[in-house]
Amino acid sequence: MTDYRQIFDNNRKWVESKTAADSDFFKKLSKDQSPEYLYIGCSDSRVPANEIMGLEPGDVFVHRNIANVVNTIDLNAQSVIQYAVEHLGVKYIIVCGHYGCGGVKAAMQPKDLGLLNPWLRNIRDVYRIHRAELSAIENEHDRYNRLIELNVREQVINVTKMAGGQKSFHEKGFPTVHGWVYDLQNGLLKDLEIDFREVLAKIEEIYRLD
C-alpha cells in the first residue's frame, strides 16, 4: 500500500513534469475551463476519464457514480449535465461503462445489498426492459457484458430526455450524446455507435419539452 504522504511527493513531481513542458501550464489552466466533453462514467478506480481518452486536465468535465447511471431524479447528475450544457457549452456528452463493472455484476445477483438496493434497481430495470434478449444469451459472462452495453444505451437515452440538452441541440447543433464501453483487459474504448439523432427522434414525441 502506498504511504499516504507519498501522494504529496507524487503531486510535486507531477507539477514539475507539467511546468517543465510548459512553464505557464497552471496559469493557463487556472483562467477558465472550456471542455468540449462531458464524461459520465463509473466510479471504478481503474478507469481514469481523461487518461483513457488521451486528453489533458481542462479538456473533460467529469461526473462519476456506481455503474455510470443517469437517474432522472438524481440532482447531482442532473445538475452536472445542465451546467455542462448551459454554461460550459460542451459539444459531446459521453456515457462510458466498462467491462468488469462491479455495480452491474451486483445488480445481476438476487441479493439484498442494503443501501445499494435502490441504486442498483436502475440497472435491474435495464435488465427487465431487455429481458428477452439477455435471457437468450446462455453464457453468463457474455450476458454480463451485454447488460453492461445495454445499461450504457439506456443511460444515453436518459441523458437525451433532458430538456436543456434537447433545446441546445435544436438551437446550436450540440451536444450530441454517445455511448462507449472501456475494456479493462486491453485499455481500449469501444464505441457502441448509438445513433443520437435516431434516439432523439424516437423519444421526442413523449419527452420533448418546449
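Bear in mind these aren't lab numbers, they're just calculated from the coordinates by the rules spelled out. Quantities reported herein were computed from a predicted structural model and do not represent experimental measurements. Here the Cβ is made from the backbone with ideal geometry for all residues, glycine too, and neighbour counts use every protein chain on show.
Asp74 - would you say it is among the charged types (D, E, K, R), surrounded by 15 or more Cβ atoms within 10 Å (Cβ to Cβ), more than 21 Å from Leu188 (Cβ to Cβ) and out of contact with any helix residue (DSSP H, G or I) (no Cβ under 6 Å at 6 or more places or on another chain)?
Numbers: among the charged types (D, E, K, R): yes; surrounded by 15 or more Cβ atoms within 10 Å (Cβ to Cβ): yes; more than 21 Å from Leu188 (Cβ to Cβ): yes; out of contact with any helix residue (DSSP H, G or I) (no Cβ under 6 Å at 6 or more places or on another chain): yes.
Yes, satisfied.
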Checklist entry - Quick check: anything in segment 89-103 within 19 Å of the chain's Cα centre (by Cα), assigned to a helix (DSSP H, G or I), touching a residue at least 12 places away in the same chain (Cβ under 8 Å) and surrounded by 17 or more Cβ atoms within 10 Å (Cβ to Cβ)? => result yes
Item to check | segment 166-192, residues that are in a loop (DSSP other than H, G, I, E, B) and within 15 Å of the chain's Cα centre (by Cα) | outcome: Pro175, Asp183, Leu192
Next on the checklist: Restricting to segment 104-117, and then to whatever is without any contact (Cβ under 8 Å) to a residue 12 or more places away in the chain and assigned to a helix (DSSP H, G or I), can you tell me which residue is nearest to Arg153 (Cα to Cα)?
Outcome noted: Asn117
Item to check | Qualifying positions in segment 168-191 - closer than 19 Å to Val47 by Cβ, of a type outside the set (Val, Ile, Thr) and in contact with a strand residue (DSSP E or B) (Cβ under 8 Å, 6 or more places away or on another chain) | outcome: His178, Gly179, Trp180, Tyr182, Asp183, Leu184, Leu188, Leu189, Lys190, Asp191
